[in-house]
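*Asks:* Below are the structure tokens for one structure; questions will follow.
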Amino acid sequence: MRTSDPKPYQMEALRLLGSTGEPWDETAYLWFFENVGRRRMPILNISGGTEILGCFLYPLPIQPLKPCTLGAPGPGMAVEILNDAGEPVPQGATGYLACTKPAPSMTRGVWGSPERYLETYWSKWPHIWNHGDWASVDEDGCWYLHGRADESMNVAGRKIGPAEVEDALMEHAGVSEAAVIGVPDDVKGEGIVGFVVPKPGQSGTPEWIAEVSATLEHSLGPAFRPKALHAVRELPKTQSGKIVRRLIRQKYLGEELGDTSTVQNPAALADFDPN
């Protein structure tokens, strides 16, 4: 039986829920906690990578959690949130997730491509690992992710991450999922192009698209009105459920696609061709 309703499934033996660090919206997080976790299973939301064979951030099952949080740095991990100058940001501010000391399992390179490894993780600041994610810490010491730093957009002089825009799109009751990219814009420098997956039974008509666009504008302001907004059947994702915005942008701009081997549903990219 395949259903979007988890209630018929017996999950008495399940003790923990997992998530791999893709930014959550609070509505989806609480639905997962309440309907799948039955309000008794913590969501262990982690941030790590193959290159470190572990996690920078992950919560312990016994600690209190807020919606969408990744808890705190893992034991033994020297993790900071830094600005462009490599300095710690104030509490509540968004910055780069970084590791300031070596971790025991951290790889020393990428096989056959040492320059790529150094450029990807070590080129922004001396002797500091730049993980490439936006992050923040609140007043209670809870850590959050806000998307990839290289996917952020500079719209009319304001830098904004995709997660913030996608959350605003999903405030519309008819939107199931959303993804946004930044594209060149003569007026704003960079414009927002959004893609939304309508909920079952909802048709992506021009009128409905206009409603979703208005929801975003109401939430973030007129400067963030989408340059274009499209309804799609599904979003391309990795096997761990992360949206591949890089490939969405390349497809939309007509650029040659990079490596697609990690995409679980590559056929979904056909919907992102503007032609």
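*Asks:* What helices does the chain hold that run 18 Å or longer along their axis, going by alpha-carbon atoms, with a Kyte-Doolittle average of -1.0 or more, using DSSP H for the helix calls? Present the calculation step by step, with values, prior to reporting the outcome.
*Replies:* On the way: long enough: 206-220 (21 Å, 0.09).
Long hydrophobic helices here: 206-220.
*Asks:* Can you say what percent of the DSSP beta bridges in the chain, counting only those with both residues inside, are antiparallel? Round to 5. Walk me through the numbers on the way to the answer.
*Replies:* Details: 32 of 39 bridges.
Close to 80 percent.
*Asks:* Using unit Cβ charges (K, R positive; D, E negative) and no other charged atoms, how large, in debye to the nearest 20, is the dipole of the chain about its Cα centre? Could you put the intermediate results ahead of the total?
*Replies:* On the way: 25 positive and 35 negative charges, 148 e Å.
Around 720 debye, computed over the chain.
*Asks:* While we're here: Normalised by the empirical 2.2 N^0.38 Å for globular proteins, what value does the Cα Rg of region 17-148 take?
*Replies:* On the way: Rg = 15.4 Å, N = 132, 2.2 N^0.38 = 14.1 Å.
Scaled against compact globular proteins, the figure is 1.09.
*Asks:* Okay, moving on. Suppose the Debye formula is applied to equal point scatterers at every Cα of region 125-275; what is log10 I(q)/I(0) at q = 0.17, 0.19 Å⁻¹?
*Replies:* Calculated log10 I(q)/I(0) at the listed q: -1.05, -1.28.
*Asks:* Same structure again: List Ser19, Ser261, Ser123 from most exposed to least, where exposure is judged by having the fewest other Cβ atoms within 10 Å. All intermediate terms of the calculation are to be shown ahead of the outcome.
*Replies:* Numbers: Ser19 18, Ser261 7, Ser123 11.
With the fewest neighbours first, Ser19, Ser261, Ser123 line up as Ser261, Ser123, Ser19.
*Asks:* If you don't mind, another one. Is there a pair in Lys101/Lys124; Lys159/Lys251; Lys66/Lys242 whose C-alpha atoms are over 19 Å apart, and which pairs would that be?
*Replies:* Working: Lys101/Lys124 15 Å; Lys159/Lys251 23 Å; Lys66/Lys242 21 Å.
From the list (Lys101/Lys124; Lys159/Lys251; Lys66/Lys242), the Cα-Cα distance tops 19 Å for Lys159/Lys251; Lys66/Lys242.
*Asks:* What chymotrypsin sites (Phe, Trp or Tyr not before Pro) in region 47-124 are in a loop by DSSP, with at most 11 other Cβ atoms within 10 Å of the Cβ? Present the calculation step by step, with values, prior to reporting the outcome.
*Replies:* Working: sites: Phe56, Tyr96, Trp111, Tyr117, Tyr121, Trp122; in loops: Trp111, Trp122.
Passing both the DSSP loop test and the Cβ count: Trp111.
*Asks:* Just the Cα atoms of region 226-273: what Rg and Dmax do they give in Å?
*Replies:* 10.4, 30
*Asks:* Another question, if that's okay. Could you give the radius of gyration (one decimal) and Dmax (whole number) of the Cα atoms in the chain, in Å?
*Replies:* Cα radius of gyration and Dmax of the chain are 19.3, 56 Å respectively.
*Asks:* Suppose we keep just the DSSP beta bridges with both residues in region 146-269; what percent of those would be antiparallel, to 5?
*Replies:* On the way: 15 of 19 bridges.
Rounded to the nearest five, the antiparallel share is 80 percent.
*Asks:* Another question about this same structure. Expected output is a single nm value to one decimal: the length gained when fully extending between Asn35 and Asp84, i.e. 0.36 nm times separation in residues minus the C-alpha distance. What is it? All intermediate terms of the calculation are to be shown ahead of the outcome.
*Replies:* Details: separation 49, 0.36 × 49 = 17.64 nm, distance 4.02 nm.
Full extension from Asn35 to Asp84 adds 13.6 nm.
*Asks:* Continuing with this model, one more query. Could you work out the per residue convex hull volume over the alpha carbons of region 167-214, in cubic angstrom? Don't skip to the end; give the middle numbers.
*Replies:* On the way: hull volume 3.9 nm³, N = 48.
So the per-residue Cα hull volume is 80 Å³.
*Asks:* Between Tyr9 and Asn265, how high is the FRET efficiency from 1/(1 + (r/R0)^6) when r is the Cβ-Cβ distance and R₀ = 22 Å? Nearest 0.05. Could the numbers behind the result be given before it?
*Replies:* Working: r = 23 Å, r/R0 = 1.06.
After rounding, the FRET efficiency stands at 0.40.
Only the coordinates and a few stated rules stand behind these numbers; no lab work does. Everything quoted here is computed from the prediction, not taken from an experiment. Cβ: placed from backbone, ideal geometry, glycine included. Neighbour counts: every protein chain shown.
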